[in-house]
Amino acid sequence: MPKLTLVPPEIEEYAHAHTTAPAPLFEELREITYAQMASPQMQVGRVEGTFLRFLVALSGARRVLEIGTFTGYSALMMAEGLPDDGELVTCDINPKAAEVARSFFARSPHGRKIQLRLGPALETLKTLEGPFDLAFIDADKGSYGAYWDAVLPLLRPGGLVVADNVLWSGRVLQPEATDDHAIVTFNAKVAADPRVEQVLLTVRDGMMLARKR
Ligand SMILES: C[S@@+](CC[C@H](N)C(=O)[O-])C[C@H]1O[C@@H](n2cnc3c(N)ncnc32)[C@H](O)[C@@H]1O
């Protein structure tokens, strides 16, 4: 299993312990995900999830796009940061994960803000109309470049793209596998794109924050 943090475990635990505890539903979602799903470590967890909620709330976002729902942890966190009339569209290709996500959205007062679109995200993106205020990219790494190309035009000027796993457990420094190279190529593409300014944060597995000019 890849190591999804570059931070020493005890520091990660300290950060977790000093981050506001999410609603009890999130702990239940974590337990069910670890009990029922393959690769449960894909879930963003408390620290990154709370950071996403902060980004949504602090930016005043009203429309959020997510690529990579999985069992819904990050979607539900970001939905909490939206105003009552806010909207979050989230895409995934895995029906089992989507079923779990939908069951938890139904149990949260914020779930009604979320629309889950099942199918290949690149196809779903073709059907969406902008503008979105914030987009979170967290799906198949090989498509990150294509997601970037599809998402940027849907984002309003001043809007934010957040891409997860951009340090890829440190493999960006010595890329070997196809996904390693895809992340390296994605980071270089963002860094060279004059339409954005960006910061690569060493939170968890690396988060790229890119603000559209
Ligand atoms: C890292 S997980 C997302 C984790 C989620 N953000 C969370 O916090 O729980 C990646 C997800 O991308 C989905 N995915 C992979 N390829 C996809 C595609 N082509 N279109 C849409 N979703 C895809 C997978 O099914 C998986 O659920």
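The values are calculated or read from the model by the stated rules, or taken from the named source; none is laboratory data. Computed from a predicted model, the values in this text were never measured in an experiment. No Cβ is skipped: glycine too gets one built from the backbone with ideal geometry, and neighbour counts run over all protein chains shown. All accessible areas refer to the heavy atoms of the entire protein, side chains included, with ligands and DNA or RNA removed. Shrake-Rupley method; radii C 1.70, N 1.55, O 1.52, S 1.80 Å.
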How large is the dipole of region 77-213 about the Cα centre if only Lys and Arg carry +1 and Asp and Glu carry -1, each at its Cβ, rounded to the nearest 20 debye?
160 debye
I want to verify the translational diffusion coefficient of the chain in µm²/s; compute it with Stokes-Einstein, Rh as the Kirkwood radius over Cα pairs, at 37 °C and 0.692 mPa s.
190 µm²/s
Computing the accessible area with a 1.4 Å probe over protein heavy atoms, can you report the carbon and sulfur percentage for region 1-88?
61 percent
Which whole-Hz couplings ³J(HN,Hα) result when phi for each residue of region 107-117 is put into the Karplus expression 6.51 cos²θ - 1.76 cosθ + 1.60, θ = phi - 60°, listed in order with x for Gly and Pro?
9, 10, x, 8, x, 5, 7, 9, 10, 9, 10
In Å², and per residue, what accessible area does the chain have when probed at 1.4 Å with the other protein chains present?
47 Å²
Note to self: Kirkwood Rh of region 65-112, Cα pairs, one decimal, Å, is 10.6 Å
Give the shape of region 9-96 as rounded, prolate or oblate, defined through the alpha-carbon gyration tensor: a ≥ b ≥ c are the square roots of its eigenvalues, a/c under 1.5 means rounded, and otherwise the shape is prolate if a/b is larger than b/c and oblate if not.
oblate
Under a point spin-label approximation (7 Å from Cα along Cα-to-Cβ), what is the Glu27-His181 distance to one decimal in nm?
4.6 nm
Using alpha-carbon coordinates alone, the radius of gyration and Dmax of region 81-175 in Å work out to 14.6, 45
Computed [θ] at 222 nm, helices only, for the chain once each DSSP H run of length n ≥ 4 contributes -39500 (n - 2.57):
-12000 deg cm²/dmol
What residues of region 178-198 lie in the reach of a label at Leu6, counting those whose backbone N is under 14 Å from a point 7 Å from the Cα along Cα→Cβ?
183-184, 187-188
Assuming 0.36 nm per residue, please report the length gained on full extension of the stretch Val199 to His16 beyond their Cα-Cα distance.
63.6 nm
Considering only DSSP states other than H, G, I, E and B, which GluC sites (Glu not before Pro) in region 109-213 qualify as loop sites with at most 14 other Cβ atoms within 10 Å?
Glu129, Glu176
